[in-house]
Each structure stands twice: as structure tokens, then as C-alpha cells.
2 protein chains.
Amino acid sequence: MAKSPKISASHEPGGLIVHISGLLPSLSPAEQRVARLVVSDPADAARRTITDLATAAETSEATVIRFCRSVGMDGYPQLRIRLAAEAARRVEPPDARVVGGDIPPGADLAQIIATIAFNDARAVEETAEQLDPAVCEQVVEAIVAAGRIDVYGAGASGFVASDFQQKLHRIGRTAFYFPDVHTALTSAALLGRGDVAVGISHTGTTSDVIEVLEQARARGATTVALTNFPRSPITEVADHVLTTAARETTYRSGAMASRLAQLTVVDCLFVGVAARNRTKARKALEATAEAVRSHRVGAGRRRA
Amino acid sequence: MAKSPKISASHEPGGLIVHISGLLPSLSPAEQRVARLVVSDPADAARRTITDLATAAETSEATVIRFCRSVGMDGYPQLRIRLAAEAARRVEPPDARVVGGDIPPGADLAQIIATIAFNDARAVEETAEQLDPAVCEQVVEAIVAAGRIDVYGAGASGFVASDFQQKLHRIGRTAFYFPDVHTALTSAALLGRGDVAVGISHTGTTSDVIEVLEQARARGATTVALTNFPRSPITEVADHVLTTAARETTYRSGAMASRLAQLTVVDCLFVGVAARNRTKARKALEATAEAVRSHRVGAGRRRA
DNA sequence: GCCACGGATGAAACTTACTTTCATGAGGCG
DNA sequence: CGCCTCATGAAAGTAAGTTTCATCCGTGGC
């Protein structure tokens, strides 16, 4: 056996600390002092320089290096980064997140933020999970082939509708959004076969939107509904139904999770449509970006 | 030396990478090369020596050190350790999802959906992670105490601004949003001490929004900026800066991730404000919900 | 069109950290 | 008692990290 056994630490990514404490007894006294420091506070050890650690262990740098070799590292820097990684892994997840629940009355801002982020992110993920790619495909198809696209939405869903319209418009599709029911109805009456009407309503019960979608359908347009409730009234007037998966908690986030979920679906549709003709879409996007350039300050990078 | 402001990296234990990508545009070209290497593979960067990394980024060691300072580290060893820790914490993104990358040309809808959902959800999570609760607190405080709140935003950020305005309005706060610069300027000119002006701009370079915020500040209002880039021009005219953490990929999602990130922040602020006076907020929300009831079909449960 | 200025950059000097070498001395054993 | 072995730290040596500074380049003023 050569002087330093150098126990393999390579194929045990999770247990450096365990590894070290395991062979602690086999180390020389001075190395043991180093090992104990390292094991008791890996994160702290990672922060220290070799001289620093040696001093703390009341020994010399040379011994620290020997210790590194003894536990299978090439040198001190490697030990350091391994320790940092190890220490980072063992922080437990912030379980204070009140999963889906209401914010407790006494909550501080940090808790509120964590809870909201968790719920918002989950709404996005779950929505994507339950989205039916086949339906999306059909909708994308219809939009790509459409002569014209109308997007309807009232109240909060109106923002989403408007956003969708703008996105489609930016890649050269002819799309409209109407903040007002009467105008929307007028427009719907002018739709025809091959056109597409998209109705967005979280609850699926917004009569204005349903009415407009119904009109569009009567004129022969392909109708699409985006709602959180797969059996809501709006689905009855839609050829294709896309659903979100936001479990809205009473007043908590004022329907923000549902907004994010809707936008995620819109994002998917948009990218799907854009992917159909990448070069044209990209060129259109570049052109529109160029158009607002003069309204930007600090062309290159920002601030010195 | 006071040249590099050294943006605080201290309060965001989980988001070094996010932090760096936010600062990316504010870095010099050579530093950006380093930053991109670091962001694209933190674990690998942690393994490299400074000379090694400098070579890989086709620059000098000096620039790497400057980069370290720019992102708030003391020096290279500290960066290394933080990177190692970060990389360890980071869970491997599942399989084919092209993390932050562009959608591959041949991708089918299902892949597109998975990729988008992943990136969108991450934008939400990472934004929440790096949000400074202290700053949020101050902003909430200001909004609660405000005589009046103006929210500004152009283009895509305009939707967010408008959404925020509507939310505040619904819980009884006096809030305004203006789709037009001239009207916005006029309004800003009428703000005064105790009022709040919120400017939203993803890039932080939208001159219209900056101009209006500047005006508001000159009138004594408390100004708040919401942007993805902590050193962008808009931050210079803001008393409080809130940042999102969306790494926008070229044209891919047409800025949707940034939209979601912005909405998440808005959501947090909104809930923060609402939490200040739960009963009043809840009553206001109920009243507004009641107001649109007649525009809903199938009052109770949906469909037989 | 020229010049002054300021920032970005890398070469080189310099400092600090890490590694190796080696002398010392404390046990252990014949 | 002498010799060997091994742990250990001092010091020398090497590599890594940091600072300084001269140069270069683009920008804006004249």
C-alpha cells in the first residue's frame, strides 16, 4: 500500500461529508482536527482559504493538503467546491408555502411572495400538463389557414385576448380584438368559413363572450374557447375547447393564476403558429422590434 | 473606486445565475462572454481555474476579475464557490426540454408545450426567488399610503400596467393607467408628494415610460420601476426598483415569459396591498364581482 | 476633420494561495 | 541505545488570483 490510500470519493456524489466522517478514525490526529472542522460546518469550510483552515485546525497547510488527498481529492480547491456543493444540497426546501391555501392573516411579505410564486408556477405547469396537443394542433392549423382571426374576452380575460391579438398581429396574421361587445358582435357577423374566433373566459360563463362566439359560429367561422371549466356554457358554442388549470382561491390572488394559465396557453398557440413559418415570423418580429427602436434609450448595453 | 455599483448579490441566496443573466446587458462585451459561459454551465465554470475560464472566454484574467466584481463577488474564488453551490441546488431539467433554448425546427406541438411551460414556470419561480421582500414592503407601504397611483407601461408592458391598475382599482385604491404618452405625461405632472408612480418596462429602456416616471419624480411622487435589468436607465429615475428574472430567448416566446414574470410581481404587490386591509379589500372584491353577475349565465354550477 | 476624453481591455507586475520538499522529532522496536 | 518509521510544520517553490498601467477605440466637442 502506498503512503496515501486515497479513498475514492468520485462515485458518491451525495455523500462527501458521510464519506469523510467514515474514514475519520483512519486519519492522523492533525488531519482529524481538520476533518472535524469540515464535517461540522462544510459551508463555512468552503469559504475559508487553506491557510485559514489550517490555522483554525491548529495545524499547517501541508496537513490540510494531506487531508484532501486522504479523502480522495486532488487538492484543496477541489475539496472547497465539493464542500460548497454539498452544503448547498442539504438546505431543506422552504415548506412554509401554504399549498393552494389562502394567505394566513399574519403573513409577512416574504411568505406571501413564496406562496404566490408557488401557486402561480403550479398553475402554469398544470395547465401545460393537461393541454391536449391534438386540440392545440387543430387550433394552430385553423389560425394558420384563417383569413382573419377575432379574439374575444371581457374584463380580466380581455387583457389576455388583447395580448393574443397583438402577438398574432406582430407575426403578420390578421387579428382583431374588441374591448366592446357591440363592436365585437358587428365583427363576428362579418366572419365566414375559414375564419377563426377565439373566446376567452375563465369561468366560461361570460354571456357577452358566449354570445359573440355563437354569432361567429353561426356565420361559419371556426370557434375556439379558452376556459378553466371544461363543461361551462362557452364550450357549447366552441368547435375546439382549450382549458386552463388554475384553482383560483377565492379572493387571494384576484384571479392572477388564471391569467397566467391563460397566457401560457396563448404562448403555446402563438409559438405553434410562428413555428409554421419561422422565417416569415422572425422577419416580422424583427421588423416590429426595429419599429420601436427609436423609443429606446441606451442602444447598446445599459449604464456604465 | 466607485465605478461599478456592485449590485447586491447578498440577499438572493438561490439566484446567482438569475442575478447574472439580469445584469448581462449592463456588462461590457468581454465580460458578457464570461457571463455567458458561466450561465450556460455553472458547474463547469466552478471547476475551471481563472486562467482557464479567461482563455475559454477569449479574454484576460483581469476581465474575469472585473466580471466577478460586476456581479457583486469579492473575487474569483468566491464566485467559484457560489457557482458550485448553485449548480448543486439546481435540479437537472427533465429530458428533451430545451432549457431556455430556441425551439428546434422539427419540434412537434407537445414538445413546444413542454418547453414553453418549463420556461414560463421557471420565469415565475425565479422572479419570486430574487424579489427583495424589503423593497416590496416599501412599495406596498407607499401604495397603501398613496393618495393616487399612476401605472405606466408601453407596448406589451402596457397590458401589465393596465392589469395592475385594474386590480388596485378593484380593491378601492385610486389608480390610473394611460395608453397614451401625452395623457400619461399630463397625469404625471399632476402628481405630488405621497402619490405613487409605477413604470413598467421589460428592457428598462423605453424612453416614453422613463420620461413619464421622471416627470412624476420631479413632482415629488414616489417612483417605482419594474424591469428585468437592474441597471437599465429606468432604474435611475426610480426610488424603488423591482426586477423580474426572465431570460428571454430571442423570438421564441415573444416576451411571454417576461410578461408572466411581471404579472407575478404585480400579483405579489397586489396581495401585499390587499393584505393590509383584508376586510375592506374582500368587501370591495365581492362588490365588483356582484356587479358583473348579470353578465354571467348559469348562475350556480355549470351545465346540467 | 481634429483633438480631448473616458471607458474597455490585456500585458505584466505583483500578491496571495496552494503545493512540494525536506528537516525535525516523537514514538516504536530490535 | 541505535535505528527505523511516520507525523508534522517550516520553508521553498509553483500556480492562481489581483492590481496596475499603457494602449486602444469610439464619442462628442470644437
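What follows draws every value from the coordinates through simple rules; no lab data is involved. The structure presented is a predicted model; accordingly, all values stated were derived computationally and were not measured. Cβ placement follows ideal geometry from the backbone for every residue including glycine, while neighbour counts extend to all protein chains displayed.
For A:Ile81, what charge total do you get from the other residues with a beta carbon under 9 Å from its beta carbon, if Lys and Arg give +1 and Asp and Glu give -1?
Numbers: positive: A:Arg80, A:Arg82, B:Arg47, B:Arg80; negative: none.
Summing Lys/Arg as +1 and Asp/Glu as -1 gives +4.
Mind checking B:159-168 for the average number of partner chain beta-carbons within 10 Å of each residue's beta-carbon? All intermediate terms of the calculation are to be shown ahead of the outcome.
On the way: counts 8, 2, 0, 3, 8, 0, 0, 5, 5, 0.
That average works out to 3.
For the range A:19-72, what does the alpha-carbon gyration tensor say about shape, rounded, prolate or oblate, given a ≥ b ≥ c as the root eigenvalues, a/c under 1.5 as rounded, and a/b over b/c as prolate?
Note, shape of the range A:19-72 comes out oblate.
For labels at A:Thr174 and A:Ala62 in the simple 7 Å Cα→Cβ model, what's the distance in nm?
8.6 nm
Within 10 Å of each Cβ in peptide B:125-135, how many partner chain Cβ atoms are there on average? Round it to a whole number, please. List each step's numbers first, then the result.
On the way: counts 7, 2, 4, 8, 4, 0, 6, 3, 7, 2, 1.
That works out to 4 on average.
What does the charge add up to near B:Gly153, with Lys and Arg as +1, Asp and Glu as -1, over the other residues with Cβ less than 10 Å from its Cβ? Write down the numbers at each step before the final one.
Details: positive: none; negative: B:Asp163, B:Asp208.
Cβ neighbours under 10 Å give a net charge of -2.
Shape of the range B:145-211 from its Cα gyration tensor (a ≥ b ≥ c, root eigenvalues): rounded if a/c is under 1.5, otherwise prolate when a/b > b/c, or oblate?
Values: a/c = 1.89, a/b = 1.28, b/c = 1.48.
Taking the square roots of the gyration eigenvalues as a ≥ b ≥ c, the range B:145-211 is oblate.
Taking θ as phi - 60°, what are the ³J(HN,Hα) couplings along the range B:109-115 by the Karplus curve (6.51, -1.76, 1.60), each to the nearest whole Hz, with x for Gly and Pro?
4, 4, 5, 4, 4, 4, 4
May I ask you to order B:61-74, B:264-277 by the average number of other C-beta atoms within 10 Å around their residues, highest value first?
Values: B:61-74: 19.4, B:264-277: 24.0.
Highest-to-lowest ranking by the protection proxy: B:264-277, B:61-74.
Net charge within 9 Å of B:Thr63 by Cβ-Cβ distance, Lys/Arg positive one each and Asp/Glu negative one each, not counting B:Thr63 itself? Please list the in-between numbers first.
Values: positive: B:Arg33, B:Arg66; negative: B:Glu31, B:Glu61.
Cβ neighbours under 9 Å give a net charge of 0.
Work out from phi, with θ = phi - 60° and the Karplus expression 6.51 cos²θ - 1.76 cosθ + 1.60, the ³J(HN,Hα) of each residue of the range B:64-75, listed in order in whole Hz, and give x for Gly and Pro.
4, 4, 4, 4, 4, 5, 4, 9, x, 9, 6, x
Can you list residues from other chains, or at least 5 along the same chain, whose modelled amide H is less than 5 Å from the amide H of A:Asp150?
So A:Asp150 has HN proximity to A:Phe176, A:Val196, A:Ala197, A:Val198.
Please state the shape class of the range A:109-293: rounded when a/c is under 1.5, otherwise prolate if a/b exceeds b/c and oblate if not, all from the C-alpha gyration tensor. Walk me through the numbers on the way to the answer.
Values: a/c = 1.69, a/b = 1.21, b/c = 1.39.
It is oblate, given that a/c is not under 1.5 and a/b is not larger than b/c.
Distances from A:Ala56 to the same position in the other copies: list them in nm, one decimal, shortest first, using label points 7 Å from Cα along Cα→Cβ.
Output for A:Ala56: 2.7 nm, nearest copy listed first.
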